[in-house]
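Okay, so here's the structure we're looking at.
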Amino acid sequence: QELWNWSLGFTWQKKGWLVDGEFYRKDNRNLTSVNLDLDRGIENPWTFEGKSAATGFDLLVRKRWGSYSLWAAHSAGKVTQTFPGLNQSLPYPARHDTPSRWNLVHMFSKKRWNVSLNLHTRQGSPYSIPEVVQVPCDYCEIDSMTFALSYPHLNTARLPNTVRLDFSAAYKFETKRTKGKIGFSVLNLTNRKNLLDIDYLLTNRPPDEPQDSYDLQPIERRAAGATPNLFLQMEW
């Protein structure tokens, strides 16, 4: 594997303000991929000599007002991959390609208390929509052809945007012998049903019946809903 990258950044601070930005470019070569869902030739599922290119810009802005601080971060970028024999050997968006991502964090610290509220949004990940094609069927008893999934074009669709609100609160305490921290947090406070991925399941007719129909169903994988967490940390 060969990796080449460069970055150019800047930082500015004054009177509670912080502005930090970075441009970057990363190129990977000689990548290897295994995609059993995409390659019908199971005996040779490996794809070699791939490459990827990532370009983007990250920006962070922070402002403090006494015990309260506001953080705003934005990432804009593009990640593409190219593998011989996949997607007609043309570049396609990588699974982790996220053209836009935002984080807005409110933080409040007062004496022993720390409270934060984080709003996270990002553009949906790309995924592939298959085509149903006819292929030879050696095990079929009536017809010589059946149906299979084909992915001639990769990652041409995108999942809905992800929006998540996280909350946390912690209290520090101290005695003569110990000190610690107790807190409570909730991941995905609004219980939003964010999608992680979509796969497709193809079901054919039994081999002893005519192969004249099929059933194609999308399978959605969702992120966790509202997830509370209570923690206690002790030090002696």
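The values are calculated or read from the model by the stated rules, or taken from the named source; none is laboratory data. Everything numeric in this text was worked out from a predicted model, so none of it was measured. As a convention, Cβ positions derive from the backbone with ideal geometry for all residues, glycine included, and neighbour counts pool all protein chains shown. Side chains included, ligands, DNA and RNA excluded: accessible areas come from the protein's heavy atoms. Shrake-Rupley method; radii C 1.70, N 1.55, O 1.52, S 1.80 Å.
For this structure, a couple of remarks:
- Residue (of Thr175, Tyr200, Ala148) at the positive-pole extreme of the range 107-236, dipole from beta-carbon charges: Thr175
- Springs join every pair of Cα atoms under 10 Å in this Gaussian network model of the chain, and among Asn114, Asn188, Asn155 the largest mean-square fluctuation is at Asn114.
- Here the accessible area of the chain is 55 percent carbon and sulfur, with a 1.4 angstrom probe and all protein chains present.
- Rounded to the nearest 20 debye, the dipole magnitude of the chain is 3000 debye, with +1 charges on Lys and Arg beta carbons, -1 on Asp and Glu beta carbons, and the Cα centre as origin.
- Inter-label distance, nm, simple model (7 Å from Cα along the C-beta direction), His74/Asn229: 2.9 nm
- Qualifying GluC sites (Glu not before Pro) in the range 123-203, where qualification requires a DSSP coil assignment and no more than 16 other C-beta atoms within 10 Å, comprise Glu141.
- For the chain, the solvent-accessible area with a 1.4 angstrom probe is 65 square angstrom per residue.
- Note on the chain: with a GNM built from Cα contacts shorter than 10 Å, the maximum mean-square fluctuation among Val186, Val135, Val61 falls on Val135.
- With Cα atoms as the point set, the range 99-207 shows a radius of gyration and Dmax of 25.3, 83 Å.
- Here is the list for the range 125-186: chymotrypsin sites (Phe, Trp or Tyr not before Pro) lying in DSSP coil, each with at most 11 other C-beta atoms within 10 angstrom of its C-beta, are Tyr139.
- Using a Förster distance of 25 Å, the FRET efficiency for Asp197-Leu18 (Cβ separation, nearest 0.05): 0.10
- For the options Leu149, Leu216, Leu86, a Gaussian network treatment of the chain with springs between C-alpha atoms closer than 10 Å singles out Leu216 as fluctuating the most.
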